[in-house]
Amino acid sequence: MIEQSPLAMWVSDDEGNLIRVNQACCDLLNVTEQEVFGRYNIFQDNLFSEQGFMPQVRAVFECGETARFELRYDSSQLEGLKFQRTVSVFLDVTIFPIKDTSDRITHAVIQHNNITERKQAEEALHESEEKFRIMAELLPQIVFESDMSGQLTYVNKQAFKILGYPQDYPIKGLNTINLYIPEDRPRAIENIKRRIAGEPQ
């Protein structure tokens with residue numbers, strides 16, 4: 001089942017030693033079975049330790065819990081192992097225990113999903129948002145951002161100054177319409193609806 005699975009999977013014994021790895025996992029991590037079999041132990045993986053996931057890993061083997069987390073994997077940074085080819089990817093890792101009939105943990109199955117494209121897109125979006133924030137803070141005009149319901153999610157410092165709010169006023173979370181005087185609100189609502197629909201104001 002593991003070998004035929006399209007998912008990248010490997011199996012460890014109850015001491016964390018890798019005892020089987022499928023081809024999908026070898027392809028994803030750019031390793032061969034010979035490079036990791038008898039050489040890799042999950043408890044000695046410095047990437048799990050450095051990124052703070054070792055307590056979750058141990059809980060699988062000691063308490064029978066299932067662990068899931070996102071790992072930045074770079075095979076060139078693995079200590080104690082050398083590979084002909086290295087790879088750097090983001091992995092969605094799931095680890096679950098296998099128990100015998102007496103409820104003793106005998107093995108663990110580790111599954112990897114490649115989420116590199118999603119993580120790169122998230123990082124690019126974060127970088128774009130940071131650039132927007134820097135630019136917005138330098139502008140002399142009011143700049144604000146709202147979600148689809150009209151709740152403010154961001155306002156620049158100039159907005160506080162122009163609108164007369166103190167800097168610690170909880171303006172985020174207010175509805176955009178609250179920024180307009182009552183007689184201008186119907187027109188503002190109509191303009192917002194048109195912008196959401198992709199129409200010009």
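The values are calculated or read from the model by the stated rules, or taken from the named source; none is laboratory data. Given the structure is predicted, the values throughout are model-derived calculations rather than measurements. Note that we place each Cβ from the backbone using ideal geometry, even for glycine, and neighbour counts take in every protein chain shown. Side chains included, ligands, DNA and RNA excluded: accessible areas come from the protein's heavy atoms. Shrake-Rupley method; radii C 1.70, N 1.55, O 1.52, S 1.80 Å.
Can you find a residue in segment 66-84 that is open to solvent by 30 Å² or more (accessible area, probe 1.4 Å) and farther than 29 Å from Q120 by Cβ?
No, segment 66-84 has no match at all.
Being in contact with a Ser or Thr (Cβ under 6 Å, 6 or more places away or on another chain) and not in a helix (DSSP H, G or I) is true for just one of F69, F90. Which residue is that?
That would be F90, the only listed residue that is in contact with a Ser or Thr (Cβ under 6 Å, 6 or more places away or on another chain) and not in a helix (DSSP H, G or I).
Restricted to segment 103-147, and to residues that are open to solvent by 70 Å² or more (accessible area, probe 1.4 Å) and outside any helix (DSSP H, G or I), which residue is nearest to G16 (Cα to Cα)?
R104
Scan segment 50-66 residue by residue and report those that are acidic (D, E) and not in a helix (DSSP H, G or I).
Within segment 50-66, E65 is the sole residue that qualifies.
Which of the numbered conditions does V57 fail, given that it passes all the others? Conditions: (1) exposed (fewer than 15 other Cβ atoms within 10 Å of the Cβ); (2) at pLDDT 95 or above; (3) at negative phi.
If we test V57 against (1) exposed (fewer than 15 other Cβ atoms within 10 Å of the Cβ); (2) at pLDDT 95 or above; (3) at negative phi, just (1) comes out false.
Being under 18 Å from N17 (Cα atoms), in a loop (DSSP other than H, G, I, E, B), aliphatic (A, V, I, L, M) and open to solvent by less than 60 Å² (accessible area, probe 1.4 Å): is that true of L47 here?
No: the conditions fail for L47.
So, in segment 169-201, of the ones that are touching a helix residue (DSSP H, G or I) at 6+ places or on another chain (Cβ under 9 Å) and not in a helix (DSSP H, G or I), which residue ends up nearest to D147 (Cα to Cα)?
I171
Which numbered condition in (1) at pLDDT 95 or above; (2) more than 24 Å from P6 (Cβ to Cβ); (3) open to solvent by less than 20 Å² (accessible area, probe 1.4 Å) is the only one that V93 fails?
(2)
Kindly indicate the residue of segment 148-200 that is in contact (Cβ under 8 Å) with a residue 24 or more places away in the chain and of a type in the set (A, V, I, L, M, F, W, C) and also surrounded by the fewest Cβ atoms within 10 Å (Cβ to Cβ) among those meeting that condition.
Out of the qualifying residues, it is M148.
Against the conditions (1) surrounded by 14 or more Cβ atoms within 10 Å (Cβ to Cβ); (2) assigned to a helix (DSSP H, G or I), where does V31 fall short? Just the number, please.
(2)
I'm told K131 meets every condition in (1) over 27 Å from E190 (Cα atoms); (2) in contact with a strand residue (DSSP E or B) (Cβ under 8 Å, 6 or more places away or on another chain) except one. Can you identify the failing condition by its number?
For K131, the exception is condition (2).
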